[in-house]
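Peer 1: Quick one: the structure is below, questions incoming.
The values are calculated or read from the model by the stated rules, or taken from the named source; none is laboratory data. All values derive from a computational prediction rather than experimental measurement. Glycine also receives a Cβ, built like all others from the backbone with ideal geometry; neighbour counts cover every protein chain displayed. Areas reflect the complete protein model, heavy atoms only, side chains present, ligands, DNA and RNA absent. Shrake-Rupley method; radii C 1.70, N 1.55, O 1.52, S 1.80 Å.
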Amino acid sequence: MHKVIEAERDICYNLHMSIIRRFMLSAVFVGCVIGAYGAAKETGFQKITGFRVPHLGAFDSKVYLVWDAPSDSASVEKNAPVDYALFVNGKRLSETASQNYARVNPMTSLYRDSFYNYYTKKRVGFDMVRVSPTSFCADSLSPETTYTFRVASLNKKGKIIAESEEITVTTLSAPVVVSIADFGAKAVAVIPTDEAEIKSLAEQNAVAIQKAIVACPDYGVVLVPRGTFLTAPFRLKSHMTLQVDGEILSTPFAEQYEFGFLLYPYRTDKRYYGLINVDGAEEIRITGSGAIDGNGWVYMSADGKKLSRDVQYYSEEGDPDFDKLKLADKDSFRLRKYRHSNAKEVFRDGILSASACAQVLGMSGKTPETATDKEKKAAYGARSTMLLLRNVKGLFVTGVTFRNPSNHTLNILDSENISVTGIREMTYDCNNGDGIGLIHSKNAILWNNFIDTGDDSIVFSAGVGEPAFTSGEQAVTNIRIFGNYIHHGHGGVSFGSHTAMGMSDVHVFGNVFSHTDVPFRCKSNAVTGGGAFDVLFENNAIAEANQAFLITTSYDNESSGTALGAVFHDMTIRNCTVYGVGMNTICLESDRHFPAYNLHFSDISFAEVGRGVNTIGWEALVNLRDSSFKNIRFVSYTDKAKAKKRDKSWVNMVHCENVTFDQK
């Protein structure tokens, strides 16, 4: 082991500590993740911990169950279970957790298996890390019935090596089902082309849906049956389930949307509300086998040369070969590709997004032809998010496919007790097409989802600058993310850029990131303030990244205001495998006045490093303190990297203090 110590010590380190105490202690701190998950004993086996029903996970005929995976990388090699068995009322089910995962989450499972079949040890140079599913959906249950559950881990021979405590769960009563069709909603086989007819149908269906919601009794179900229902926006209420078995398709006209949504109470930049909205409710479920389509953009051909109103599909390295698969409905598993656009080209590429921008410009007497670039950019920021769910206490989202948002897809704001599982998000390459946004929200579990996005896949936001600290809003805290397949996205799991109130107690494990620009992304700046801490990112497999791990406080956003200092600290990243890196393997850049500290990386393997052009070195460590790198392996570099003599590691470090390296 050797140390790299920067001789210069900055007095601003102490300043940063005082600012963190002043501002970030307002975040809810729920214990250190490393301590909470603990290391396994070297002998014997860990007892299964954290066996529970996630928030609102008990239905009338099924119960969702989750538990904690072994957390220490050494125990993963020695004691890792290859599968799990579930016991219901003392009897072991024949279906294992892996089999249940494949049946309940067919798209996530299909792409996950294809990933591991493609990125083999022969291709990569090492085995890509893979963790057994730590969840189960027990279905075919009876309503209003009490069941006992326990889970056991299995070794390669199928022998039980550890068990959980037993828990007792009572299923709900069978709900009253209210169909939107009974209130006048009409499905269409062909979307009308006449503007007046489209608006009339969308308004008629929105009124019918809202009537069905009002008529739905507590804990009842509002059913969207099979068929395509073109609609204007509507609002959900407490104690209901929206079951989408057909397709909800947004009107293409922004004038049918409500305008005036504010992301934060201290901001003045108004936006459109969502297609589906909530503001102040309890215990909402959104379920079903259907789809919600935001009608935001036209499609783009796979080769990027042709715009189209017809569905276009694409595939990339590691994706399934559908020509060789025997699937009844292959198109439902294929990846859709939308046009990537911007504020200037939205009027050519957009549908609802173009209408929104034109409407906002019209509010100030401008048109796309007369508006300045600055005015177009402001209008572009007002596009609607598909689902805006605010002040919700208790939310469960499962099964539904989300497509083609004008802006973000699913934003959950100022909420708590959140479960999202088994959904499909297809928003690539929609500009700003974020997947799941947790904004000032806490107590969330996101598992077994398929997310293919045009922007950040899972993103946390916690306010901006000094106003955030007087707004009374909460930090983002107590988040669990596992078993997901994340395809594309600028960030896989992104902390920021809005970080003022802080983000903490986040555990990300057992996920696959394929073609994601930056799988682990932390971004902020001094004016935004806050940061993130108490984060554990482990046992994740990554392929075809641009930057594998990025932590920066130089993100170009919110440039005016008091420099509060944003700091990312107390994070552990371990036991991950990475194949294919375009730029940085690890990039940690912070403000010298507010340095990052206590960042610990261990047991990470990289291969095929240097696919892009990088002039600053494959690692960049700038203003980093009290951190460590243990057993970081660089197995192979590209021929391009070798030719340019960039097949070296740990050569780009500036103003680092007490940073240690321990390489095997």
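Peer 1: If one puts a single equal scatterer on every Cα of the stretch 512-640 and applies the Debye formula without solvent, what log₁₀ I(q)/I(0) results at q = 0.11, 0.15, 0.22 Å⁻¹?
Peer 2: Values, matching the q order: -0.37, -0.68, -1.30.
Peer 1: Moving on. Taking a spot 7 Å from the Cα of Lys186 along the direction of its beta carbon, which residues of the stretch 215-255 have an amide N less than 15 Å from it?
Peer 2: In the stretch 215-255, the label zone of Lys186 (backbone N under 15 Å from the point 7 Å along Cα→Cβ) covers 228-232.
Peer 1: Around Pro233, what is the net charge, scoring Lys/Arg as +1 and Asp/Glu as -1 over all other residues with Cβ under 11 Å from its Cβ?
Peer 2: Once positives and negatives cancel, what remains is -1.
Peer 1: Short version: ³J(HN,Hα) in whole Hz for each residue of the stretch 193-208, in order, from phi by Karplus 6.51 cos²θ - 1.76 cosθ + 1.60 (θ = phi - 60°), x for Gly and Pro, what are they?
Peer 2: 9, 6, 4, 5, 5, 4, 5, 5, 5, 4, 5, 4, 5, 4, 5, 5
Peer 1: Hey, another quick one. Residue separation times 0.36 nm, minus the C-alpha to C-alpha distance between Tyr313 and Glu203: what's the value?
Peer 2: Details: separation 110, 0.36 × 110 = 39.60 nm, distance 3.11 nm.
Going from the current span to full extension adds 36.5 nm.
Peer 1: Continuing with this model, one more query. Kindly state, to the nearest 0.05, the FRET efficiency for Phe259 paired with Thr170, given R0 = 45 Å and r defined as their beta-carbon distance.
Peer 2: 0.50
Peer 1: Now for a different question. Report the local net charge at Thr251: Lys and Arg +1, Asp and Glu -1, summed over other residues whose C-beta lies under 10 Å from its C-beta.
Peer 2: Values: positive: Lys199; negative: Glu203, Glu255.
Charge balance in the 10 Å sphere: -1.
Peer 1: Quick check: from the Cα gyration tensor, does the stretch 419-504 come out rounded (a/c under 1.5), prolate or oblate? Working shown, then result.
Peer 2: Working: a/c = 2.84, a/b = 1.59, b/c = 1.79.
The shape class here is oblate.
Peer 1: Compare Asp662, Asp194, Asp182 by solvent-accessible area with a 1.4 Å probe and give them largest first, with all protein chains kept in place.
Peer 2: Greatest to least solvent exposure: Asp182, Asp194, Asp662.
Peer 1: Tell me, what HN-Hα J-couplings in whole Hz come from the Karplus equation 6.51 cos²θ - 1.76 cosθ + 1.60 at θ = phi - 60° for each residue of the stretch 122-134, using x for Gly and Pro?
Peer 2: Computed from phi, the couplings for the stretch 122-134 are 4, 7, 8, x, 7, 6, 5, 4, 9, 10, 5, x, 10 Hz.
Peer 1: What is the set of long-range amide H partners of Met240 at a cut-off below 5 Å, with H atoms built 1.01 Å from backbone N?
Peer 2: For Met240, whose amide H was placed from the backbone, the distant partners under 5 Å are Tyr219, Arg285.
Peer 1: Under 5 Å between amide hydrogens, which residues at least 5 positions from Ala566 or on another chain qualify, with H placed 1.01 Å from N in the peptide plane?
Peer 2: Sorted by chain and number, the residues that satisfy this are Ala526, Gly529.
Peer 1: Another one. Figure the gain on full extension for Phe322 and His239 (residue separation times 0.36 nm, minus the Cα-Cα span) and round it to one decimal in nm.
Peer 2: Fully extending the segment from Phe322 to His239 adds 25.8 nm.
Peer 1: Projected onto the charge dipole of the stretch 125-203 (+1 at Lys/Arg Cβ, -1 at Asp/Glu Cβ, origin at the Cα centre), which of Val131, Ile160, Thr171 gives the Cα projection farthest towards the positive end?
Peer 2: Looking along the dipole axis, the top candidate is Ile160.
Peer 1: Also, I was wondering about something else. Long-range amide H contacts for Cys522: which residues qualify at under 5 Å (H placed 1.01 Å from N, peptide plane, sequence gap of 5 or more or a different chain)?
Peer 2: Phe495, Leu550, Ile551, Thr552
Peer 1: What are the ³J(HN,Hα) couplings of the stretch 360-377, residue after residue, when phi is run through the Karplus curve with 6.51, -1.76, 1.60 and θ = phi - 60°? Round to Hz, x for glycine and proline.
Peer 2: Once rounded to whole Hz, the list reads 5, 4, x, 4, 10, x, 10, 10, x, 7, 9, 6, 7, 4, 5, 5, 5, 5.
Peer 1: Oh, and also: Rounded to a whole number, what is D in µm²/s for the stretch 137-177 from Stokes-Einstein with the Kirkwood radius over alpha-carbon pairs (25 °C, 0.890 mPa s)?
Peer 2: Rounded to a whole number, D works out at 197 µm²/s.
Peer 1: At a Förster distance of 56 Å, what's the computed FRET efficiency of Ser301 paired with Lys62, Cβ-Cβ distance as r, to 0.05?
Peer 2: Once rounded, the FRET efficiency stands at 0.90.
Peer 1: Please report, as a whole percent, how much of the solvent-accessible surface of the chain comes from carbon and sulfur atoms (probe radius 1.4 Å).
Peer 2: Working: 12580 of 25620 Å².
Answer for the chain is 49 percent, counting heavy atoms of protein chains only.
Peer 1: In debye, nearest 20: dipole of the chain around its Cα centre with unit charges on the Cβ of K, R (+) and D, E (-)?
Peer 2: On the way: 69 positive and 74 negative charges, 243 e Å.
Computed charge dipole of the chain: roughly 1160 debye.
Peer 1: Given a 1.4 Å probe, how much area per residue of the chain is accessible, in Å²?
Peer 2: 39
Peer 1: Please say if the stretch 413-564 is rounded, prolate or oblate, where rounded means a/c under 1.5 for a ≥ b ≥ c the square roots of the C-alpha gyration tensor eigenvalues, and otherwise the choice is prolate for a/b larger than b/c and oblate otherwise?
Peer 2: prolate
Peer 1: According to a simple spin-label model (label point 7 Å from Cα along Cα-to-Cβ), what is the distance in nm between Asp639 and Ala215?
Peer 2: So the two model labels end up 6.9 nm from each other.
Peer 1: Rounded to the nearest 500, what is the 222 nm mean residue ellipticity of the chain from helices alone, with -39500 (n - 2.57) per DSSP H run of 4+ residues and division by all residues?
Peer 2: Helix-only estimate at 222 nm: -4000 deg cm²/dmol.
Peer 1: Of Arg592, Arg336, which has the most accessible area with a 1.4 Å probe, and how do the rest follow in descending order?
Peer 2: Arg592, Arg336
Peer 1: Continuing with this model, one more query. Using 0.36 nm times the number of residues separating Asn652 and Glu195, minus their current alpha carbon distance, what extension gain do you get?
Peer 2: Length difference between fully extended and current span is 158.7 nm.
Peer 1: Would you mind computing the Rg to Rh ratio of the stretch 155-267 from its alpha-carbon coordinates, Kirkwood style for Rh?
Peer 2: Radius of gyration over Kirkwood radius for the stretch 155-267 works out to 1.21.
Peer 1: Lys and Arg at +1, Asp and Glu at -1: add these up for the other residues within a Cβ distance under 15 Å of Thr145 and post the number.
Peer 2: On the way: positive: Lys62, Lys91; negative: Asp60, Asp139, Glu144.
Net of charged neighbours comes to -1.
Peer 1: Please state the shape class of the stretch 274-387: rounded when a/c is under 1.5, otherwise prolate if a/b exceeds b/c and oblate if not, all from the C-alpha gyration tensor.
Peer 2: Oblate shape, in that a/c is at least 1.5 and b/c is the bigger or equal ratio.
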